[in-house]
Amino acid sequence: KARSHVNVSQNLGFALGCVAPFLCSPEPRFLPSQGKGLFATRSIRKGETVFVERPVVASQFLWNALYNYRACDHCLRALETAEENAQRLLGKSSLVLPHPEQCSIRKDLHQQCPRCQVTYCSAECRQAALEQYHQVLCLGPSRDDPTHPLNKLQEAWRNMHYPPETSSIMLMARMVATVKQAKDKDWWIKAFSQFCSKTANEEEEIAHKLLGDKFKGQLELLRLLFTETLYDEHLSRWFTPEGFRSLFALVGTNGQGIGTSSLSQWVHACDALDLPMLQREELDAFIDQLYKDIEKESGEFLNCEGSGLYVLQSCCNHSCIPNAETSFPDNNFLLHLTALEDIEAGEEICISYLDCCQRERSRHSRNKILRENYLFTCSCPKCLAQADDPDATSDEEEEGEGETDDAELEDEMTDV
């Protein structure tokens, strides 16, 4: 039964999302202690793309959208030009970026839904959204009506889940809308069932983490608004208290963060320019100062941000010494999984759920973060090697929290 489940997962991954599934043809497998994992079926060299995957569903975070981080409503591609992006983050409309030809944004391709006016980066994205879920979720002339059930649901979510955001109720809404619009509803229900599930106690912990101490009352309010907005008899279990909690936990556990930025795309393009030494030094100095100024004005909120559900990526387990990493180099929701080192056939492909700085902390600190956010204790080779280390966070670590040097800031701004 477990093996059959994995084969379905692999087939759905290719059918639903893999843009290039045969780059390295990774194989999902059942693991007794972890549920599932992703394994290489051939040797993969460092720097090689393991796969490129499209999400089953994706959605921009609600606060992120409210604060004018303009992104395609379907693929999350940044819609501002690099110069507009920098001007907004700096609060300085007079800023002029050099080399404007390196900006990849094509405003002439942008389109809006004729009924509700949400914006897409292209006709292809507008059509894809319409065919998958937007017929159900289109607000039409009620887009700015605070009494519309969908607007009430989104406002309730914003009042419960403040920045920094990690999920969105609209990811769940798009799951329901996808099934409601689908001709083969059972196929899509099976597709969503492939994602990792949790026990009842673990589901409560996830809800607590996302919503805070009053999560039980807030979860019930969200369920009632969700039911009022989207109820469908084919998905009746998703609208019960237990089913809604499970759906909520599914999104909280499996949602992969997505970041896009037209400014970072411009920076990467400028880095690739072949310039005389003096011009290169001047451009690098300009970019370095731009980062510092933006950090002072906007802090850590730099990108268009959202989350998505990825079938194959969700099979990847965590390691504190990962051999692969995810990125979004196309400035949209296409996830690239890239090998950080050589991976042999039969070896598990692991990513890290921790950022670079968190991975350098003590075993105790790393596992504290993992238990709080992902409900497991890591047993990767690094954690096992440090098993005899003291179970305490060092004073130096505590003092170092929150400190961000310029190099680290530049990496955060450009490595989306």
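The values are calculated or read from the model by the stated rules, or taken from the named source; none is laboratory data. Since the model is a prediction, treat every value here as computed from it, not as a measurement. Cβ sites come from the backbone with ideal geometry, for glycine too, and all protein chains shown count toward neighbours. Surface areas here come from the heavy atoms of the whole protein model, side chains and all, with no ligands, DNA or RNA. Shrake-Rupley method; radii C 1.70, N 1.55, O 1.52, S 1.80 Å.
Scoring 344-356, 103-115 by mean Cβ neighbours within 10 Å over their residues and listing the highest first yields 344-356, 103-115. Each of L109, G91, M175 was placed along the dipole of the chain (beta-carbon charges, centred on the mean Cα), and the one lying farthest toward the positive end is M175. Restricting attention to the range 122-250, lysine pairs at least eight places apart or on different chains and with alpha-carbon atoms under 23 angstrom apart total 9. With a simple spin-label model that places each label point 7 Å from the Cα along the Cα-to-Cβ direction, the separation between I321 and A269 comes to 4.0 nm. Starting from the Cα of S236, move 7 Å in the Cα-to-Cβ direction to define the label point; list residues of the range 171-198 whose amide nitrogen is under 19 Å from there. Within reach of a label on S236, which here means backbone N under 19 Å from a point 7 Å along Cα→Cβ, the range 171-198 contributes 176-177, 179-181, 185-187, 189-190. Couplings for the range 112-124, taken from phi via the Karplus curve 6.51 cos²θ - 1.76 cosθ + 1.60 with θ = phi - 60°, read 10, 5, x, 9, 10, 6, 5, 9, 10, 6, 6, 5, 5 Hz in order; Gly and Pro are left as x. Across the options T199, A65, A345, the greatest Cα extent toward the positive end of the charge dipole of the chain (unit charges at beta carbon of Lys, Arg, Asp, Glu) belongs to T199. Based on C-alpha pairs under 8 angstrom that are at least 6 apart in sequence, the chain has a relative contact order of 25 percent. Could you tell me the distance between the Cα centroids of the range 137-172 and the range 68-82, to the nearest Å? So the two Cα centres are separated by 18 Å. Just to be sure I understand: with springs between alpha-carbon atoms less than 10 Å apart, which residue in K209, K198, K92 has the highest mean-square fluctuation in the Gaussian network model of the chain? In the Gaussian network model the winner is K92. Leaving out ligands, DNA and RNA, what percent of the accessible area of the range 75-191 is carbon and sulfur, probe 1.4 Å? That share works out to 50 percent. Close amide H pairs (under 5 Å, H built 1.01 Å from N) link H74 with C121, residues at least 5 positions away or on another chain. Here the contact order of the range 116-226, divided by its residue count and restricted to Cα pairs under 8 Å and six or more residues apart, works out to 30 percent. With the simple spin-label model, which puts each label point 7 Å out from Cα in the Cβ direction, the Q386 to F301 separation comes to 3.2 nm. Under 25 Å of direct C-alpha separation, and excluding same-chain neighbours fewer than eight residues apart, K296 reaches these lysines: K92. Which residues does a label at E48 reach in the range 307-326, if reach means a backbone N under 15 Å from a point 7 Å past the Cα toward the Cβ? Those under the cut-off are 323-325.
Computed FRET efficiency, Cβ-Cβ of M277 and Q127, R0 41 Å: what is it to the nearest 0.05? In this case the efficiency is close to 0.30.
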